Every structure is written in structure tokens, then in C-alpha cells.
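Every number in this text was worked out from the coordinates using simple rules, so none of it is lab data. Please read these numbers as outputs of a predicted model, since none were measured by experiment. Please note: Cβ atoms are built from the backbone with ideal geometry, for glycine as well, and neighbour counts cover all protein chains shown.
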């Protein structure tokens, strides 16, 4: 805290805000956006690394191409010591003029949940503020990216300018279960049943409905989302079964066994 306050005193562009209680990652992500005043916006995790040219290169793209709503570079992963671990080599090209084709490529990339490092790129703040933002459920960053893609194109700088930290204490590794991950996004979700794929389907449906695209494109996006649901029908069916089992377990009254008190072994004696 002292370090942050010292920089706030040195530079009037820096504003320091601190929560009195833990409101969860989703609230923190969204609150930072609400406090932002710039034309462009970028989330920054404390342990990731930006190369010196990353931000400037992204600004150049957004300034030059008004159809681009999000710009990011290729992503390389590093461990807690800064040693390289892996690189994201192939991502879809999201430069098509058709929102339907962009959304289709996105759903194919996330047929199973995939990396969402693009959410740490540079957004047009006006577009991002129209979205549902980061939700209080696992993989809500993936849902957000799909929604933003309906508003415009994504651009990837073909250089590794963003180094994302991957280690045992990162949110995904530290919270491997859906329930734990939901509580990380929002502490009030602790102990609540999670149905992630059913939730994603519902949230993407709402994203398509409120998107600025035409009716014909919107219908085609709904059809493609149904195809995604068909690919994931086994997992979605298991989520419903799991919910039903948990509900039955909660609603079934527990049987209480009451033991009868033993008869007294004392007998009255005749005097």
C-alpha cells in the first residue's frame, strides 16, 4: 500500500482505491473499469509482464482501425521465476466483417474452454462498458470476449509482447474446482452448485440478444450457439444430473434412529 501511495503522490494520473473487505475478483475487475476515464482500457494483473512496446503498439492499431474493438499481442507464458514455459501459437483470425463468422470461429476455438489471455488486451472502453463485464461465475472472461466480438473485430499483433505468469498460486491452479473458482470470482458463491456450461450457454444467448448486429446475423449466431451446445451436450447433461442429485440429497429428510431406554433392572424387595 505504501508503494502505491508514494506513486500516487508523484503522479496525478495515478489514483489509489482500496476495498475494506474482499468482494471477489469479478467486482474488482469491473470496478477498475467503472473508475477509468480514458478512451481505451486494459486490465493488468500484478504478476504479468508487458514488454515496453506493448501498450503503444496496441494504441496505434486502435487509432488506425475503427472497426477493431480489442487489440492484443501473442502470448507467452512464464513461471514464477520468469522462465518461459509455453507459447500460444495459433489463434483464430477475428478480422471478418461478419459478426456471425467471427462468433463461429470463437465458439470453435472454445469448444472446450481455452485460454482467454485476450481479455488482458487493450479495449475500446466505450464498447467494453456496454457489455456484461466480468460475471460472478467461472470462465466469465470467455463469455465477455464472445460478447465483445459481436461488436467488432479483434486484432492480434504477431509478436510476443505479453508474458503471462503461470504458477501454482494463479487463480486457475489454486482453484481447480468449479465451486472454488466461483468463490474466487465472488465470495458469496462459496458452497453454491455450479453448472458452468449451462451458464455459458445462457449468458451467450443474452449476449447475442442484446448485440448491435442485424436480425439475420443474430439468428445465425443463435444457430451456431446451438451447435456449440450440441458439442457440449454430454457435459451439460451431466451438470443437470449432478444438480438433480444434490437437490434430492438436500430435500431427503434424514432418518433419525432413536434407541429405546433399557428397562430398569431394579426389583422391589419384599420386606
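Which one, 58, 221, 45, has the greatest fluctuation when you compute a Gaussian network model over the chain with C-alpha springs under 10 angstrom?
45
If Rh is defined by the Kirkwood formula over all Cα pairs and Rg also comes from Cα, what ratio Rg/Rh do you get for the range 17-76?
Values: Rg = 14.0 Å, Rh = 13.7 Å.
When Rh is taken as the Kirkwood radius, the ratio is 1.02.
Can you work out D for the range 1-51 in µm² s⁻¹ from Stokes-Einstein, where Rh is the Kirkwood radius over C-alpha pairs, the temperature is 4 °C and the viscosity is 1.567 mPa s? Walk me through the intermediate numbers first.
On the way: Rh = 12.8 Å.
The calculation lands on 101 µm²/s.
Relative to the longest principal axis of the chain, what angle (0 to 90°, nearest 10) does the C-alpha long axis of helix 25-35 take?
40
Name the shape class, rounded, prolate or oblate, that the alpha-carbon gyration tensor gives for the range 110-254, where a ≥ b ≥ c are the square roots of its eigenvalues, rounded holds for a/c under 1.5, and otherwise prolate holds if a/b is larger than b/c and oblate otherwise. List each step's numbers first, then the result.
Details: a/c = 2.10, a/b = 1.32, b/c = 1.59.
Since a/c reaches 1.5 but b/c is at least a/b, the shape of the range 110-254 is classed as oblate.
Using the number of other C-beta atoms within 10 angstrom as an exposure proxy, rank 105, 6 with the fewest first. Spell out each step's value before the answer.
Details: 105 18, 6 12.
By the 10 Å Cβ count, ascending: 6, 105.
Just rank 204, 178, fewest to most, by other beta-carbon atoms within 10 angstrom.
Working: 204 25, 178 18.
Result, fewest neighbours first: 178, 204.
Round to the nearest 10 and give me the degree value, 0 to 90, for the angle of helix 54-64's Cα axis relative to the longest principal axis of the chain.
Result, in degrees: 60.
Please give the calculated 222 nm ellipticity per residue for the chain, where each DSSP H segment of at least 4 residues contributes -39500 (n - 2.57) and the sum is spread over every residue; nearest 500 deg cm²/dmol?
Details: 11 runs with 118 residues, N = 271.
Result for the chain: -13000 deg cm²/dmol, rounded to the nearest 500.
How far is helix 99-109 tilted off the main Cα axis of the chain, in degrees rounded to 10, range 0 to 90?
50
Take 119, 172, 69 and order them by how many other Cβ atoms sit within 10 Å, fewest up front.
On the way: 119 19, 172 13, 69 22.
Going from least to most buried by this count: 172, 119, 69.
How far is the Cα center of the range 1-76 from the Cα center of the range 95-156, in Å?
Cα centroid to Cα centroid, the span is 18 Å.
Using only the Cα atoms of the range 107-161, build the gyration tensor, take square roots of its eigenvalues as a ≥ b ≥ c, and label the shape rounded, prolate or oblate: rounded if a/c is under 1.5, else prolate if a/b is larger than b/c, else oblate.
Working: a/c = 1.58, a/b = 1.06, b/c = 1.50.
Verdict is oblate for the range 107-161.
What Kirkwood hydrodynamic radius do you get for the range 1-118 when you take the inverse of the mean 1/r over all pairs of distinct Cα atoms, in Å?
Working: mean 1/r = 0.0569 Å⁻¹.
Final number for the Kirkwood radius of the range 1-118 is 17.6 Å.
What does DSSP give for the chain in terms of the percent of beta bridges that are antiparallel, rounded to the nearest 5? Can you show the working numbers first?
Working: 10 of 20 bridges.
Among the beta bridges of the chain, antiparallel pairing accounts for roughly 50 percent.
Roughly what would the spin-label model give for residue 111 and residue 23, points 7 Å off Cα along C-beta, in nm?
Between residue 111 and residue 23, the simple spin-label model gives 4.0 nm.
The list (1) 14.6; (2) 24.5; (3) 13.6 gives values of mean projected area of the Cα convex hull in nm², and only one came from this structure; which label was calculated from it?
(2)
Evaluate the distance, in nm, between pseudo-label points positioned 7 Å from the Cα of residue 202 and of residue 93 along their respective Cα→Cβ axes.
Placing both labels 7 Å along Cα→Cβ, they lie 3.8 nm apart.
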